[in-house]
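Colleague: Just dropping this structure here.
Read-outs throughout are calculated quantities, based only on the coordinates presented, and are distinct from any laboratory measurement. Since the structure is predicted, the reported quantities are computational estimates derived from the model, not experimental observations. Reconstructed Cβ throughout: ideal geometry from the backbone, glycine too, with neighbour counts over all protein chains shown.
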Amino acid sequence: HWTCPGLPSPPRPICDLRVLNHFIQEARDAEVAMKSCRDGCGLTELVSVPQTTVNFDDWERKNATEQAQEVQTGLWLLHQALGLLQASMTDVDLNNHIDNSIRNLLSINAVLRSLNIQEYTPPTSAVGLEGTWKVSSVAEVLQVHVNFLRGKVRLLLVGAEACQQDVS
Amino acid sequence: MTRDQHRRLVAVYLVCCVMGTVSTAQRAQDFQRKASMLLAAEPENPKCFAEGRKAFTCFWEEDEERAGPVEQYSFTYAYQNENGSRCPLTVAPAAGGKKLFVCHLDRIQMFVQLDIQVHRESVMIHNRSLLVELVFLLDPPENVTVSSTGHQGQLNVSWVPPPLKYMDDSMIYEVMYAKEGDPAGQVEVARACSELILRGLQAATRYRVEVRVRLDGITYSGYWSAWSDPVWMETLPADLDPLIVSLTFIITFILFLLCLIVLLSHHRFFIKKVWPTIPVPDSKFQGLFTVYGGDLQEWLRQTSGGLWVTSALLYSEERPSPVEVLSELNLCRSLASPPLPPKACNASTQRDERELSNGSDSAQTDEWRATQQQHWLMERLRETRPGMGSSLLESQDTYVTLSTNNHSEEDHVDDTLEEALPLEMHVASRKTPLSEFHSDLGSGQQSSGSGRLSSQSSFEYPSQGWTPKGPGYTYMAVADSGVSMDYSPMSRVDDLGKVALYANEYKNEIPPHRRPFLTRQYHVHDDG
């Protein structure tokens, strides 16, 4: 399949965690910028965000597919939440950070694709999804964004099979 | 259960108890050390730290006097969006009359906010929110090893990272190294690795190396661990820089070539300095040394010594050196003979004494011959050097007077080469009295066997002018030919028995068969 002419070659696996570290740093910058926001930086409705809690024993009990689905669901939820913030925020500086964060989420999806992790899109309705929280402030959304990247997303990349083969 | 099985179980139980006790004691000691570090590093209360993926500890400190029983305190914690829980407290002693209240959790969650509250009798005394993955306090690296890399000024440091899954690439290390005796030191940072090469170290120096670890703060964070136990290692000794060695050789070679060139270009000068030629009278006194063993008297007796010397003097193409023979009778009557130098040597040999005693018997018979010879000499000298007689008296040259004793005043002109009689040599110079004359032997062909000649000769004389010494003196002006001689005071004939003849001591090492011959008046050509 991959040898047929005209078809693109599979992307090289992106196993360097410095890429994710860069996204994490920018997410932190957005969280810090939020603390200085006074006006035009509030949510009008509750938004669903992924749970960021990580227990290593519980995480290791899940298989790779479950882990990948949990991470991709969370990334989807964050994308939705940041989209709502982008629409409601009037602070220019904070809006720039949110725009940057949304682009980083798309880049993370590209990294997951490079690791041959099967794409997963959760149901359109996030209501009732397990492993979600409801938050009412922009600060909480950005905090969840940072913690999710540092936790589950990173664990998924560190444990990706493609990266394990690359190391060995 | 048999008795043996029972005994084994008891033994295993005891071992486990002992090991548990040791482990507990070790853990307690580790906790005390970490608690002391956090008390200094963390301002908030309670102070909390994670040791791994599961262990999490919080504590606070209170004075023993003001602290109540542990039952008065409650430690509650709640993760975000979860219900709160209570942590059982324990008490640990602390230094300085304080006590620690400790909460230890075995199940923790990361990447989620943790809210902690401490109450004492329903009154909240401490409140803190934190993220567990950001308060790691790890154990120091283990198995720190320091070895030589094989290169000068380098040491290879390696260690075993703390065994934390998922966190290896988030660890940073500080390697502290210091010379022996230096309390401070330098620190090198290493990221996500377990080995580091220290460079720029001093050669042949003993270094102390310690390592500590911390999480990098991007995903995980925390406090610096304690320093590992110090490891000592000495660096390799300094090697010679090949460039310096090669330059040294080149410079040495160039200097050697320059010295060689100088030596070759001035080889004659150096040869003259090192091996000066010694004028030897062999050519002028044929057979004196080879046949007669340096016995001048015998030589003169057997040969026509005087005539031969004279002919050699007159007919030699060589110009006589300023050694001039003066006859006191005609020319030197008004000339005061210089006194003998104070350094007159009375040394003599017994053989000389015997010769003198034998010679004195024939002194009278040889008088007539000496007189004739003297006249003839004076005539010849006048021919070769007109005006020499009077001019000689006015000469500024150093001159030696040879005199024969036992002559009357009017006969002192007959004093010449008296074989049997001792001669007195007076040395004087009108030029610079009371000074030593030093002269080099000069260049010339060196005779064999005189390789260790002195390059100096000295003439000492006590007074400025001549003083009459009495009759019978024949004066001879002697140019310094480089032969040093000791001049003994003149011994009269009648004193022969009492005073030994002066002996000419040569500073030069003349072969044994050549004895000193300057016991008579003679002409010496300076062949220099």
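Colleague: Report the paramagnetic label zone for B:D216: residues of the range B:159-185 whose backbone N is under 14 Å from a point 7 Å from Cα along the Cα-to-Cβ axis.
Modeller: Residues B:166-174 fall inside that zone.
Colleague: Specify the angular offset, from 0 to 90 degrees and rounded to the nearest 10, of the alpha carbon long axis of helix A:64-88 from the longest principal axis of the alpha carbons in chain A.
Modeller: 30 degrees
Colleague: Here's another thing I want to ask about it. Applying 1/(1 + (r/R0)^6) with R0 = 41 Å to the Cβ-Cβ distance of B:E234 and B:W275, what FRET efficiency is obtained, to the nearest 0.05?
Modeller: The computed FRET efficiency comes out at 0.15.
Colleague: Quick check for you: which residues of the range B:17-39 have the amide N under 13 Å from the point 7 Å beyond the Cα of B:A95 toward its beta carbon?
Modeller: Residues B:32-39 qualify, since their backbone N sits under 13 Å from the label point.
Colleague: For the range A:59-168, which chymotrypsin sites (Phe, Trp or Tyr not before Pro) pass both filters: DSSP loop (anything but H, G, I, E, B) and at most 16 other C-beta atoms within 10 Å?
Modeller: Values: sites: A:W59, A:W76, A:Y120, A:W133, A:F148; in loops: A:Y120.
Qualifying residues, ordered by number: A:Y120.
Colleague: OK, next. Measuring from label point to label point, each 7 Å out along Cα→Cβ, what is the A:E45 to B:N143 span in nm?
Modeller: Between A:E45 and B:N143, the simple spin-label model gives 5.8 nm.
Colleague: Rounded to the nearest 0.05, what FRET efficiency do B:Q154 and B:A41 give with R0 = 41 Å and r taken as the Cβ-Cβ distance? Could you check?
Modeller: It comes out at approximately 0.80.
Colleague: Loop only by DSSP, 16 or fewer other Cβ within 10 Å of the Cβ. Give me the GluC sites (Glu not before Pro) in the range B:172-276 that pass, ordered by residue number.
Modeller: Here the GluC sites (Glu not before Pro) that fit, given the DSSP loop and packing criteria, are B:E180.
Colleague: Starting from the Cα-Cα distance between B:T205 and B:E188, subtract it from 0.36 nm times their residue separation and give me the gain in nm to one decimal. Show your work: numbers first, answer last.
Modeller: On the way: separation 17, 0.36 × 17 = 6.12 nm, distance 1.83 nm.
That pair, B:T205 and B:E188, stretches by 4.3 nm at full extension.
Colleague: Between B:S23 and B:R120, what is the label-point separation in nm under the 7 Å Cα-to-beta-carbon projection?
Modeller: If labels sit at B:R120 and B:S23, their model points lie 3.5 nm apart.
Colleague: Right, another one. For peptide B:162-170, how many partner chain Cβ atoms fall within 10 Å of a residue's Cβ, on average?
Modeller: 3
Colleague: Next question, about the same structure. Inside 10 Å of the C-beta atoms of A:21-31, what's the mean count of C-beta atoms belonging to other chains?
Modeller: Rounded to a whole number, the mean comes out at 1.
Colleague: Computed FRET efficiency, Cβ-Cβ of A:E161 and A:V19, R0 25 Å: what is it to the nearest 0.05?
Modeller: Calculated value: 0.90.
Colleague: Pairs B:K34/B:K99; A:K35/A:K62; A:K62/B:K165; B:K98/B:K165; A:K62/B:K34; B:K47/B:K179: which are spaced more than 26 Å apart, C-alpha to C-alpha?
Modeller: Details: B:K34/B:K99 15 Å; A:K35/A:K62 36 Å; A:K62/B:K165 16 Å; B:K98/B:K165 36 Å; A:K62/B:K34 34 Å; B:K47/B:K179 36 Å.
The pairs that break the limit, which is 26 Å between Cα atoms, are A:K35/A:K62; B:K98/B:K165; A:K62/B:K34; B:K47/B:K179.
Colleague: If you average the alpha carbon positions of the range B:161-233 and of the range B:96-140, how far apart do those two centres end up, in angstrom?
Modeller: 28 Å
Colleague: Okay, moving on. Average partner chain C-beta neighbours within 10 Å, per residue of A:53-63?
Modeller: Numbers: counts 9, 9, 8, 8, 3, 1, 2, 3, 0, 0, 0.
Per residue, the average neighbour count from other chains is 4.
Colleague: Next question, about the same structure. Kindly provide the helix-only [θ] at 222 nm of chain A, computed as the sum of -39,500 (n - 2.57) over DSSP H runs of four or more divided by all residues, to the nearest 500 deg cm²/dmol? Before the final figure, lay out the partial values.
Modeller: Values: 7 runs with 96 residues, N = 168.
Taken over chain A, the calculation gives -18500 deg cm²/dmol.
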